[in-house]
Amino acid sequence: MKLRKTFSLALVLSASFLLNPALQAAEPVENYPSKPVQFIVPYSPGGPLDAAARLLSDKVQDTDFGQRIFVDNKAGAGGNIGIDTMIRSGKDGYTIAMGAVATMAINPWLYSKIPFDASKDIAPVLLVSNVPNVLVLNKEFADENNINDLPALFAYMKANPGKLNYASGGNGSAGHLAGELLKNKLVISMVHVPYQGANPAKLSLLANETQLMFDNLASAQTLIESGKVKALAVTTAKRSKFLPDVSTLQEAGVDDFDIGTWFGIVAPAGTPEPIITKLNAVYAQAMKDPKVQEQLRAMGSDLEPGSAQDFADFAKKEYDKYKEIVELSNARID
């Protein structure tokens, strides 16, 4: 009887060991990767994060990485669901994700409840893209009011408080936060009109229902070149290589105005450093491929790949910066 009980207990412990990854011996990092890798994109298919994840992963699979990389879209809660899924999937490098300014710097201050700590639970791997938004005006409105540069726009804002409507893709979006930051810096009043996404916001701008918008550079450039909108400034600290004649807000005297739409590859915090280093190396090499660079430039990005530490330092500064910006906006999602 005693032998039978001991044997039964051994079976239970053995089954628990096999079913619980936390109890199993960790795979030697030098064997990584020994199986396929899941790459979570925390947004719906078709957007820039999705396109970049697929583009880069296809190139990595053409190298001696040795394993398939499956891109898996897990949208919801502003990207929080996908990032939370990654964090809970293990610290072995077999589940990575595309993190973004929203999930890593804005959402922690925007959402009243969030299932992870973006400052502690995410390990940055490689910054892939950092694209400015562009302050664009409805052309009809700009022409009627003779607004051809930032000083003229600022003068109109101060002379007509509350008469200018600015569109955004929603509360807490980069376009919304840029507008609120500008209001605060200039001590002016304009009305925020949020839409369910950037496309309906752009339609309202083109119809002159709203007069101003901070649009993503890649989509704004098409409207600018077609003459449908007038570009007055980019939102980053430096001018964009793609719009070299368009000034920054800082050049017009708006101090410390630096807002970009960025994203990069991340892993769960605690992932072994050699795995982070390997992922950084293979994806950085993919970014240097001429065909990949061409497609990233089409998205408005012309970023040189850096180290995982470079991305970590950048993400920390952005996390701290957006705390103040979100508080200024009074945006909140419960």
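Only sites in a loop by DSSP and with at most 14 other Cβ atoms within 10 Å count here; which GluC sites (Glu not before Pro) in region 182-291 make the cut?
Hits after loop and neighbour filter: Glu209.
Pop a pseudo-label 7 angstrom from the Cα along the beta-carbon direction at both Arg88 and Asn145 and give the gap in nm to one decimal.
The two pseudo-label positions are separated by 4.8 nm.
Distance cut-off 30 Å, Cα to Cα: go down the list Lys91/Lys323; Lys120/Lys183; Lys91/Lys288 and report the pairs above it.
Lys120/Lys183
Please report Rg (one decimal) and Dmax (integer) in Å for the Cα set of the chain.
According to the Cα coordinates of the chain, Rg and Dmax are 23.1, 95 Å.
Let me check I've understood the local charge: for Lys139, count other residues with C-beta under 12 angstrom from its C-beta, Lys and Arg +1, Asp and Glu -1. What total comes out? Let's see the in-between values first.
Numbers: positive: Lys228, Lys230; negative: Glu140, Asp143, Glu144.
Charge balance in the 12 Å sphere: -1.
Ile122's amide H: which non-local residues (gap 5+, or another chain) put their own amide H closer than 5 Å, with H modeled 1.01 Å from N in plane and none for Pro or chain starts?
Ala269
From the backbone phi of region 209-223, what are the Karplus-calculated ³J(HN,Hα) couplings (6.51 cos²θ - 1.76 cosθ + 1.60, θ = phi - 60°) in whole Hz, Gly and Pro given as x?
Each residue of region 209-223 in turn: 6, 10, 10, 9, 7, 9, 9, 4, 4, 4, 7, 5, 4, 4, 5 Hz.
Give the calculated FRET efficiency between Thr222 and Arg68 to the nearest 0.05, with a Förster radius of 25 Å applied to their Cβ-Cβ distance.
Values: r = 35 Å, r/R0 = 1.38.
In this case the efficiency is close to 0.10.
Taken together, the values in this text are just the output of simple stated rules run on the coordinates, not laboratory data. Everything quoted here is computed from the prediction, not taken from an experiment. Every residue, glycine as well, gets a Cβ built from its backbone with ideal geometry; the counts of neighbours run over all protein chains shown.
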